[in-house]
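Reviewing the structure listed below.
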Number of protein chains: 2
Amino acid sequence: AKSRINNPLLATRIMSAAQAAALIKPGATVGMSGFTGSGYPKAVPAALAERMKASPFKINVLTGASTAPELDGLLAAVDGIATRLPFQSDPICRQRINDGHIDYIDCHLSEVSQYVWSGFFGKLNVAVIEVSAIREDGLLIPSSSIGNNKTWLEQAEHIILEVNYQQNLRMEGMHDIYYGTALPPQRKPIMLTEAGQRIGEQYLRCDLNKVIAVVETDSADRNTAFKAPDDDSRRIAEHILNFFEREIEAGRLPKTLLPIQSGVGNIPNAVLEALDSGPYKNLSAYTEVIQDGMLTMLKSGTLTMASATAFSLSPAGIAEFNANIELYRDKIILRQQDISNHPEVARRLGVIATNGMIEADIYGNVNSTHIMGTRMMNGIGGSGDFARNGYLSIFMSPSTAKQGHISAIVPMVSHVDNTEHDVKVIVTEQGLADLRGLSPRQRALTIIDNCAHPDFREALHDYFARACASGRGMHTPHLLNEALSWHERYESSGSMRSGRK
Amino acid sequence: AKSRINNPLLATRIMSAAQAAALIKPGATVGMSGFTGSGYPKAVPAALAERMKASPFKINVLTGASTAPELDGLLAAVDGIATRLPFQSDPICRQRINDGHIDYIDCHLSEVSQYVWSGFFGKLNVAVIEVSAIREDGLLIPSSSIGNNKTWLEQAEHIILEVNYQQNLRMEGMHDIYYGTALPPQRKPIMLTEAGQRIGEQYLRCDLNKVIAVVETDSADRNTAFKAPDDDSRRIAEHILNFFEREIEAGRLPKTLLPIQSGVGNIPNAVLEALDSGPYKNLSAYTEVIQDGMLTMLKSGTLTMASATAFSLSPAGIAEFNANIELYRDKIILRQQDISNHPEVARRLGVIATNGMIEADIYGNVNSTHIMGTRMMNGIGGSGDFARNGYLSIFMSPSTAKQGHISAIVPMVSHVDNTEHDVKVIVTEQGLADLRGLSPRQRALTIIDNCAHPDFREALHDYFARACASGRGMHTPHLLNEALSWHERYESSGSMRSGRK
Ligand SMILES: CC(C)(COP(=O)(O)OP(=O)(O)OC[C@H]1O[C@@H](n2cnc3c(N)ncnc32)[C@H](O)[C@@H]1OP(=O)(O)O)[C@@H](O)C(=O)NCCC(=O)NCCS
Ligand SMILES: CC(C)(COP(=O)(O)OP(=O)(O)OC[C@H]1O[C@@H](n2cnc3c(N)ncnc32)[C@H](O)[C@@H]1OP(=O)(O)O)[C@@H](O)C(=O)NCCC(=O)NCCS
């Protein structure tokens, strides 16, 4: 294949992944590309892991969001990660976090960049960034995610570039890198008023003098197939679509809705599918990630424009994207994550935020991250950015997990990521709870009756009734010595059931 | 006194408070002025309470934030409030909430206005707004707070104005009412880039046809004297000032800091006092409330400009303000609360948010609202707006309450208002915990050692050690059946002490 390293100076820095990995010092803080399994470096992390196997050391790993087995998995497996942020979803990395071997800092994805700029996480030693190509003038053509790449390139002392020949060169021009950010007191308004608006540049700037290595790769982004929506997901999607219809009738939503933000996973994908088969036209998306469902909607015209920071496509989705890239080129914009998730923009556009959750409590607090209060699943990701600032914030989950042994609706969540102040709607396959304008006690009845699985409803009502009768505060009635007992019961017996009725 | 009702049409609507109150229907949703004890209607609520005494009924009460005994107190005392939002701090109102007689909806103060515009709380029937005067052209000169007045005037079917002759007419021109807000998808950037910048108009617009009554009053805003800072507050202030100094040295804060947001109360006032006696010059404030300390700082030149939505002055502070109003006029701007607390602006300016808290847990989650998990104290107020979006978010409390029987640092907070993702610094008189860049377990050690009272430190370390050894997740180690036991112990024995060591 024709070389994609068109800058003469950088062409002199081409080396093997092992040589490049050798330039990263033990203990270094490394900003890597990668967001929801796309655009992450494919070779240097593996070479680094090999080095660590031979002689153990650790580094601190910052990314956009989740990466893939080739990055988080390999480095975690050799115990090579000291501190990890801001998001991960890798099984091995997760296990190391929950074993106490990795210090994990779970952040709002919009805020990571400003913290690095402000020096809140210390100095960034190296950036390892995947790109599609390097132009003759040294500008970088980004690959399938932007994430924090702009910040890593700007803030790191040294830069290692991975040029991936599998990334479609026709993506050139789909990216929008905004160079107007600054630290306070120099910050200016971000003049973005529509999801499809461009406010930046097509390429990533790069100080060529900082580039210590260029590595060529040729491997596809990790991509997992979507399952067809199951019954629960379809029912959740149906409840949400009915809710949108009622909101439009009541004049609280325009017919074209408001820009959709959609989390990753099977339920969000089912919602997209339902929207696509509904009466909707000319919707837009202002979200983190382009998944398969969005391609379908863009093709059908349900969706006019989608703004995100990354792709997260199945193998079939990647094939579809590459086959019809001319169609998608003009309808998709990839931005850095501090813009795709920016509170200012999310609030201005009034996104409809739809995200998954681990559990919610009867008062509308949402746990997005912790299994039984102690074990990290993935991280808060962008859910807080969008839930706090969106026009509507919707949290979704099946009403039970683990073959019905776990209720997703509990007396008190075992960890809070999105507070009662930020959660407007909760949906399970059982139904939808519209919490707007309700006090905590009103929310409790609505959530139990609409969202809890029938097998747990009576026990929840019983808890609530006894909490109300306890003589403690009636604003948010709780029995403190029982509030977390459902989780404790699950830990000791493998089921939240069989408690007192 | 010369009449302050200079509009001929509105002059014909003058009536007594009793007559005006008679125009409010039972069950009505009423938007009243008032923010931290200033600018609330002084006569109509009392007349309404009299009517309720004679023949009981309830209304829904929306305000800017807290009001005063003459509003919340009187209405709560006659059980006249069905639903209350977004904030209160009145002892009788609080008791009614915690008795279960009032449905209280505790909201981010920046968000109330958009929810009313969006119809999330239903229809607003009546606005009852205190003003300083009515101009001949019908424009309203606001009084000592703006809060949600703009939204109430725009959204209510009917308007009742209270013209208060005690409000200083020289406040004219200090207000900045921004008429550029809209609902999505029509929202535009808010072009505010400095705390002291004006982006709006001096007067509140008012559809004269909606005005059903004008009531004249002559009573001062409720005003409570500040206590001189006690030792704990002074020590907390000292820790914060030392922290600022280190941040400036490290290049993470400019010498003029960043715009200060300061909660209400004795600790925030002590911080202001400490700032004023420190080396600082030309600071600015972008905050909710102007309290006494800010006047002192404006006079001394420590502070150049202060932007807020309300005054909250002691009697001495009011006297000082009135005596030197020509000095303060140009240095203080009062805005509506959806601008004073706007996430977009708070983030852009990079405010330093300093707020009180009820308690924090060892992992950095903050409870701002609930006593022992069930009883509402005041509400989240603006703390979430500023903590989420500020450059730094600092939460402060003495390390103990109730003569040392309560530890403000607990294994798990009994309610979460500001999550681990949003809390950067915790301070007690014992010391300061800088949580930036720390994982949950690292935070635990830092918070226990720096902030907990020595009497509780050993028990906290013991909890943490046993949680780490429990075999559960090591990301956020907890013993679920013990996590809230300190609170339970306080409820049953009156002390968090005497637990197992
Ligand atoms: C919450 C979240 C984990 C749900 O993911 P999902 O794929 O929709 O949900 P699933 O139902 O497949 O559950 C994932 C796992 O959590 C488990 N789980 C779900 N609810 C649970 C509960 N209440 N208690 C214990 N485990 C639970 C499931 O059993 C499953 O575990 P398994 O893989 O061992 O079977 C996911 O949405 C998430 O990480 N959210 C936070 C980040 C975010 O919101 N990003 C959005 C912006 S892109
Ligand atoms: C948290 C908050 C109540 C602290 O207020 P404060 O006046 O600084 O604190 P105090 O130490 O005087 O405590 C107030 C009361 O709470 C009690 N209290 C404080 N900490 C407590 C704890 N951990 N457990 C139980 N009670 C506690 C005190 O004993 C006191 O009660 P009392 O009046 O019956 O004696 C107050 O800051 C608040 O309401 N914050 C939320 C709103 C906000 O942050 N607004 C900021 C934007 S303006």
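The values are calculated or read from the model by the stated rules, or taken from the named source; none is laboratory data. A quick note: this is a predicted structure, and the numbers were derived from the prediction, not measured. Neighbour counts run over all protein chains shown; Cβ positions are idealised from the backbone, glycine included. SASA here: full protein model, heavy atoms, side chains in, ligands and nucleic acids out. Shrake-Rupley method; radii C 1.70, N 1.55, O 1.52, S 1.80 Å.
Computed values, structure above
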read-out: Selected residue (criterion: farthest from ligand 2 (Cβ to nearest atom)) from residues of the stretch B:392-406 that are within 24 Å of B:ALA285 (Cα to Cα) and out of contact with any helix residue (DSSP H, G or I) (no Cβ under 7 Å at 6 or more places or on another chain); value: B:LEU392
read-out: Options B:ARG441, B:ARG472: the member that is within 14 Å of chain A (Cβ to nearest Cβ), in a helix (DSSP H, G or I) and basic (Lys, Arg); value: B:ARG441
read-out: Hey, B:ARG466 surrounded by fewer than 18 Cβ atoms within 10 Å (Cβ to Cβ), over 31 Å from the mean Cα position of the chain (by Cα) and within 14 Å of chain A (Cβ to nearest Cβ) or not; value: yes
read-out: Top-ranked residue in the stretch B:475-496 [being in a loop (DSSP other than H, G, I, E, B), open to solvent by 30 Å² or more (accessible area, probe 1.4 Å) and more than 9 Å from chain A (Cβ to nearest Cβ); ranked as farthest from B:VAL416 (Cα to Cα)]; value: B:GLY494
read-out: Selection status of B:ILE448, farther than 25 Å from B:ASN341 by Cβ and either within 11 Å of another protein chain (Cβ to nearest Cβ) or surrounded by fewer than 23 Cβ atoms within 10 Å (Cβ to Cβ) (or both); value: yes
read-out: Any chance B:VAL78 is without any contact (Cβ under 8 Å) to a residue 40 or more places away in the chain, open to solvent by 10 Å² or more (accessible area, probe 1.4 Å), more than 9 Å from chain A (Cβ to nearest Cβ) and over 15 Å from the mean Cα position of the chain (by Cα); value: yes
read-out: Evaluation of B:SER383 against (1) of a type in the set (Gly, Ala, Ser); (2) at negative phi; (3) more than 14 Å from ligand 2 (Cβ to nearest atom) (one fails), failing number; value: (3)
read-out: Those strands (runs of 3 or more DSSP E) lying entirely in the stretch A:240-324 with at least 2 residues within 16 Å of ligand 2 (Cβ to nearest atom), at pLDDT below 95 and more than 30 Å from A:GLN202 (Cα to Cα); value: none
read-out: One residue from B:VAL214, B:VAL271 being within 30 Å of B:TYR179 (Cα to Cα) and touching a residue at least 60 places away in the same chain (Cβ under 8 Å); value: B:VAL214
read-out: Within the stretch B:95-125, tally of residues that are more than 7 Å from every other protein chain (Cβ to nearest Cβ), surrounded by fewer than 19 Cβ atoms within 10 Å (Cβ to Cβ) and closer than 26 Å to B:PRO343 by Cβ; value: 1
read-out: Any hit, the stretch A:352-371, residues being within 21 Å of B:THR181 (Cα to Cα) and of a type in the set (A, V, I, L, M, F, W, C); value: yes
read-out: Tally of residues being within 23 Å of the chain's Cα centre (by Cα) and over 18 Å from B:THR476 (Cβ atoms) across the stretch B:425-453; value: 4
read-out: Identity of the residue in the stretch A:238-270, more than 23 Å from A:VAL345 (Cα to Cα) and within 13 Å of ligand 1 (Cβ to nearest atom), that ends up nearest to the other protein chains (Cβ to nearest Cβ); value: A:GLY265
read-out: Residues of the stretch B:400-426 that turn out to be away from ligand 1 (no atom under 16 Å from the Cβ) and more than 14 Å from B:ASN355 (Cβ to Cβ), as a count; value: 16
read-out: Sole exception among (1) in contact (Cβ under 8 Å) with a residue 24 or more places away in the chain; (2) assigned to a helix (DSSP H, G or I) for A:ASN209, by number; value: (1)
read-out: Filtered residue count, the stretch A:182-195, keeping only those that are buried (at least 18 other Cβ atoms within 10 Å of the Cβ) and either closer than 18 Å to A:ALA308 by Cβ or more than 14 Å from chain B (Cβ to nearest Cβ) (or both); value: 3
read-out: Subset of the stretch B:228-239 that is modelled with pLDDT of 95 or more and of a type outside the set (Lys, Arg) - its residue that is surrounded by the most Cβ atoms within 10 Å (Cβ to Cβ); value: B:ILE236
read-out: Sole residue being over 18 Å from the mean Cα position of the chain (by Cα), surrounded by fewer than 21 Cβ atoms within 10 Å (Cβ to Cβ) and closer than 20 Å to A:ASP221 by Cα, chosen from A:ILE92, A:ILE134, A:ILE129, A:ILE141; value: A:ILE92
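Residue by residue, here is whether (1) open to solvent by 10 Å² or more (accessible area, probe 1.4 Å); (2) in a loop (DSSP other than H, G, I, E, B); (3) near ligand 1 (Cβ under 6 Å from one of its atoms); (4) within 7 Å of chain B (Cβ to nearest Cβ) holds:
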{"site": "A:VAL345", "(1), (2), (3), (4)": "no, no, no, no"}
{"site": "A:ARG348", "(1), (2), (3), (4)": "no, no, no, yes"}
{"site": "A:ALA353", "(1), (2), (3), (4)": "no, no, no, no"}
{"site": "A:ALA360", "(1), (2), (3), (4)": "no, no, no, no"}
{"site": "A:GLY364", "(1), (2), (3), (4)": "no, yes, no, no"}
{"site": "A:GLY373", "(1), (2), (3), (4)": "no, yes, no, yes"}
{"site": "A:GLY381", "(1), (2), (3), (4)": "no, yes, yes, no"}
{"site": "A:ASP385", "(1), (2), (3), (4)": "no, no, no, no"}
